[in-house]
Amino acid sequence: MNALEISKDIYWVGHVDYDHHDFHGYSKSPVGTTYNAYFINDEKKTLIDTVAPGCGCTLLCRLAHVINPVKIDYLVVNHMELDHEGSLAQIVEKCRPEKIFCSQMALTSMAGYYREEMKNWPVQAVKSGESISLGKHTLVFQETRMLHWPDSMVTYCPEAKILFSQDAFGQNIACTERFVDEYKGNDFLTRVKEYYFNIVLPYSPQVLKALPVVESLDIEMIAPDHGLISRGARDVKSIIDMYRTMAEQKPRQRAVVIYDTMWHSTEQLARAVCSGLEENGVPATLMSVKENHHSAIMTALADASALVVGSPTHNNGVLPYLMSTLTYIKGLRPKILVGGAFGSYGWSGESPKILQKFLEDMKIELPCAPVRAQWRPGHDGLKEAYALGAGVAAALKAKCQG
Ligand code: FEO
């Protein structure tokens, strides 16, 4: 396992986790992920970020191809979540850095994870705009609070024109390529959206504040802590533009229809809702919550501004997978402009009303009454579901054009 020189005297020394498909325990990473760490070979030998628990040996092995790890002088901790700092104690013990730089807020999370170990660590908190000299290189720290943790910061090297951006601009991709321009897969954009909409989305206001700061820097490379590195003016601009688009969430003329079903009646309604949307000018993605993980549904919402939800009534309520998916969506606070609810029932039929209320509480405009169909939807039930789709389509188109 070698170190890869990504710029003169700057090396990638991370870990590729091909089999990690359950990112942070709540979001799927279907093609694995990487934990990127970087080494700057200067008078002050500097390591930027570490890797997940159990992956420290890989980092040390890569590092050893360039330098004896005990010669590391500085360690920069951009973010204390354990996918980056879960091996921190191991790396500090091996490298014995003269200084560990992190944000003020990271002192709290560092103490939370390493209270005993860090008593002997030479930790120094830094503020936005503070810089250190490594010799030929300078590192400038910029706090990015709530992007996506209070402790988050990024590190800029003006001489190399590299932004070490920690989670920001990252994607869950495990592959042998390190740069976007080398990547042969056709899923880069999907992985960017997947990461943003499942991790970063609630902090979009902070993203919109941070982007002008990023754009004011002379950057030739954005090196995140997950996935591929963007290099060159075109790719740097492209990932920044993607972030602006995702953070703004301007109205998108597309809908996502999610549903659960017991005996396929609600599924039939879902298909009719989809027809009502599509045949009235709003393309729709139909997703069963049993067949699609909630993180895949969030990724689909990256391209949609309408959400229509359906569940049969079960025990006077909503089926659990549907409810858990909705709870997850609500927490991430996507800008959903228009919605609707539907569901079949046998006896009592509460589910569509409960769903409608849930969407209302999310401040989603609901142009139609919830659609209910007893037993099998039949022609009339399907017509109502179609009309729900058509009504949502009309309302969404008005917003997109307005
Ligand atoms: Fe990749 Fe917030 O950790």
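If you go through segment 95-105 one residue at a time, do you hit one that is over 28 Å from Pro212 (Cβ atoms) and polar (S, T, N, Q)? Explain how you work it out, then say what you get.
Of segment 95-105, the ones over 28 Å from Pro212 (Cβ atoms) are 95-100.
From the residues that got through so far, the ones that are polar (S, T, N, Q) too are none.
Within segment 95-105 (the criterion being over 28 Å from Pro212 (Cβ atoms) and polar (S, T, N, Q)), the answer is no, since none of the residues qualifies.
Give me the pairs: first residue in segment 224-237 and more than 16 Å from Asp187 (Cβ to Cβ), second residue of a type in the set (Asp, Glu) and within 16 Å of the ligand (Cβ to nearest atom), beta-carbon distance under 9 Å, and six or more apart or on different chains, which are they?
Close Cβ pairs satisfying both conditions: Pro224/Asp167; Asp225/Asp49; Asp225/Asp83; Asp225/Asp167.
Would a scan of segment 260-277 turn up a residue that is more than 23 Å from the chain's Cα centre (by Cα), over 18 Å from Val371 (Cα atoms) and surrounded by 19 or more Cβ atoms within 10 Å (Cβ to Cβ)? Please lay out each step first, then the result.
Within segment 260-277, the first condition is being more than 23 Å from the chain's Cα centre (by Cα), and the residues that meet it are 260-277.
Cutting the leftovers down to over 18 Å from Val371 (Cα atoms) gives us none.
No, because not a single residue in segment 260-277 is more than 23 Å from the chain's Cα centre (by Cα), over 18 Å from Val371 (Cα atoms) and surrounded by 19 or more Cβ atoms within 10 Å (Cβ to Cβ).
Among residues belonging to segment 1-14 that are hydrophobic (A, V, I, L, M, F, W, C) and touching a strand residue (DSSP E or B) at 6+ places or on another chain (Cβ under 8 Å), point out the one that is surrounded by the fewest Cβ atoms within 10 Å (Cβ to Cβ). It would help to see each step written out before you state the result.
Taking segment 1-14 as the starting set, the residues that turn out to be hydrophobic (A, V, I, L, M, F, W, C) are 1, 3-4, 6, 10, 12-13.
Now drop any that are not touching a strand residue (DSSP E or B) at 6+ places or on another chain (Cβ under 8 Å), which leaves 3-4, 6, 10, 12-13.
Working: Ala3: 22, Leu4: 16, Ile6: 19, Ile10: 24, Trp12: 20, Val13: 28.
Restricting to residues being hydrophobic (A, V, I, L, M, F, W, C) and touching a strand residue (DSSP E or B) at 6+ places or on another chain (Cβ under 8 Å), the top hit is Leu4.
Asn120 passes all but one of (1) buried (at least 22 other Cβ atoms within 10 Å of the Cβ); (2) free of Cβ contacts under 8 Å to residues at least 24 places away in the same chain; (3) of a type in the set (S, T, N, Q); which number fails?
Here Asn120 clears every test but (1).
Just for segment 355-373: of the residues that are of a type outside the set (A, V, I, L, M) and in a loop (DSSP other than H, G, I, E, B), which one is surrounded by the fewest Cβ atoms within 10 Å (Cβ to Cβ)?
Just the residues of segment 355-373 that are of a type outside the set (A, V, I, L, M), to begin with: 356-358, 360-361, 363, 365, 367-368, 370, 372.
Those still in the list that are in a loop (DSSP other than H, G, I, E, B) too: 363, 367-368, 370.
Working: Lys363: 10, Pro367: 17, Cys368: 22, Pro370: 22.
Ranking the candidates gives Lys363 first.
I'm trying to understand the selection: among the residues of segment 298-352, which are β-branched (Val, Ile, Thr) and over 19 Å from Thr285 (Cα atoms)?
In the first step, residues of segment 298-352 are kept if they are β-branched (Val, Ile, Thr); the result is 299, 308-309, 313, 318, 325, 327, 329, 336, 338.
Thr313, Val318, Thr327, listed by residue number.
Filter segment 95-117 down to residues that are buried (at least 18 other Cβ atoms within 10 Å of the Cβ) and in contact with a helix residue (DSSP H, G or I) (Cβ under 8 Å, 6 or more places away or on another chain), then give me how many there are. Full working, then the answer.
We begin by selecting, within segment 95-117, every residue buried (at least 18 other Cβ atoms within 10 Å of the Cβ); these are 95, 97, 100-103, 105-106, 109-110.
Keeping just the survivors that are in contact with a helix residue (DSSP H, G or I) (Cβ under 8 Å, 6 or more places away or on another chain) gives 95, 100, 102, 110.
Summing the residues that are buried (at least 18 other Cβ atoms within 10 Å of the Cβ) and in contact with a helix residue (DSSP H, G or I) (Cβ under 8 Å, 6 or more places away or on another chain) in segment 95-117 gives 4.
Name every residue in segment 256-290 that is more than 16 Å from Ser305 (Cβ to Cβ) and hydroxyl-bearing (Ser, Thr, Tyr), in order of residue number.
Selection gives Tyr259, Thr261, Ser265, Thr266, Ser275, Ser288.
If you go through segment 307-340 one residue at a time, how many are outside any helix (DSSP H, G or I) and either farther than 26 Å from Leu382 by Cβ or modelled with pLDDT under 95 (or both)?
Kept after step one, since they are outside any helix (DSSP H, G or I), are these residues of segment 307-340: 307-319, 333-340.
If we keep only those that are either farther than 26 Å from Leu382 by Cβ or modelled with pLDDT under 95 (or both) too, we end up with 333-335.
Final tally of qualifying residues: 3.
Suppose we keep only residues that are more than 13 Å from the ligand (Cβ to nearest atom) and aliphatic (A, V, I, L, M) within segment 187-202. Which one would you say is surrounded by the most Cβ atoms within 10 Å (Cβ to Cβ)?
Here the residue is Val192.
So Glu81 ticks every box in (1) in contact (Cβ under 8 Å) with a residue 60 or more places away in the chain; (2) within 16 Å of the ligand (Cβ to nearest atom); (3) touching a Ser or Thr at 6+ places or on another chain (Cβ under 7 Å) but one. Which box is left unticked?
In the conditions (1) in contact (Cβ under 8 Å) with a residue 60 or more places away in the chain; (2) within 16 Å of the ligand (Cβ to nearest atom); (3) touching a Ser or Thr at 6+ places or on another chain (Cβ under 7 Å), Glu81 misses (3) alone.
Could you figure out which of (1) aliphatic (A, V, I, L, M); (2) farther than 24 Å from Cys400 by Cβ; (3) within 16 Å of the ligand (Cβ to nearest atom); (4) surrounded by fewer than 24 Cβ atoms within 10 Å (Cβ to Cβ) isn't true of Ile240?
Condition (3) is where Ile240 drops out.
Restricted to segment 165-181, and to residues that are β-branched (Val, Ile, Thr) and out of contact with any Lys or Arg (no Cβ under 7 Å at 6 or more places or on another chain), which residue is nearest to the ligand (Cβ to nearest atom)?
Of all residues in segment 165-181, those β-branched (Val, Ile, Thr) come to 173, 176, 180.
From the residues that got through so far, the ones that are out of contact with any Lys or Arg (no Cβ under 7 Å at 6 or more places or on another chain) too are 176, 180.
Working: Thr176: 21, Val180: 18 Å.
Per the stated criteria, the residue is Val180.
Can you confirm whether segment 71-83 contains a residue that is aromatic (Phe, Trp, Tyr), in a loop (DSSP other than H, G, I, E, B) and at pLDDT 95 or above?
First pass over segment 71-83, keeping only residues aromatic (Phe, Trp, Tyr): 74.
If we keep only those that are in a loop (DSSP other than H, G, I, E, B) as well, we get none.
No.
Of all residues in segment 107-145, which are of a type in the set (Ser, Thr, Tyr) and in contact with a Cys (Cβ under 8 Å, 6 or more places away or on another chain)? So that I can check it myself, show each step before the final result.
Within segment 107-145, the first condition is being of a type in the set (Ser, Thr, Tyr), and the residues that meet it are 108-109, 113-114, 128, 131, 133, 138, 144.
The one that is of a type in the set (Ser, Thr, Tyr) and in contact with a Cys (Cβ under 8 Å, 6 or more places away or on another chain): Thr138.
Filter segment 57-78 for residues that are within 23 Å of Gly32 (Cα to Cα) and away from the ligand (no atom under 16 Å from the Cβ); which is surrounded by the most Cβ atoms within 10 Å (Cβ to Cβ)?
Leu63
So which residues in segment 374-402 are assigned to a loop (DSSP other than H, G, I, E, B) and touching a strand residue (DSSP E or B) at 6+ places or on another chain (Cβ under 8 Å), if there are any at all?
First, the residues of segment 374-402 that are assigned to a loop (DSSP other than H, G, I, E, B): 375-377, 402.
Trp375, Arg376, Pro377, listed by residue number.
Do we find a residue being out of contact with any Phe, Trp or Tyr (no Cβ under 8 Å at 6 or more places or on another chain), within 30 Å of Ala385 (Cβ to Cβ) and of a type in the set (Val, Ile, Thr) anywhere in segment 233-248?
No: zero hits.
Conditions: (1) of a type in the set (A, V, I, L, M, F, W, C); (2) under 28 Å from Ser305 (Cα atoms); (3) not in a loop (DSSP other than H, G, I, E, B). Phe169 meets all but one. Number of the miss?
Looking at each condition in turn, Phe169 falls short on (3).
The values are calculated or read from the model by the stated rules, or taken from the named source; none is laboratory data. None of these values were measured; they are calculated from a predicted model. A quick note on method: Cβ atoms are made from the backbone with ideal geometry, for glycine too, and the neighbour counts reach across all protein chains shown.
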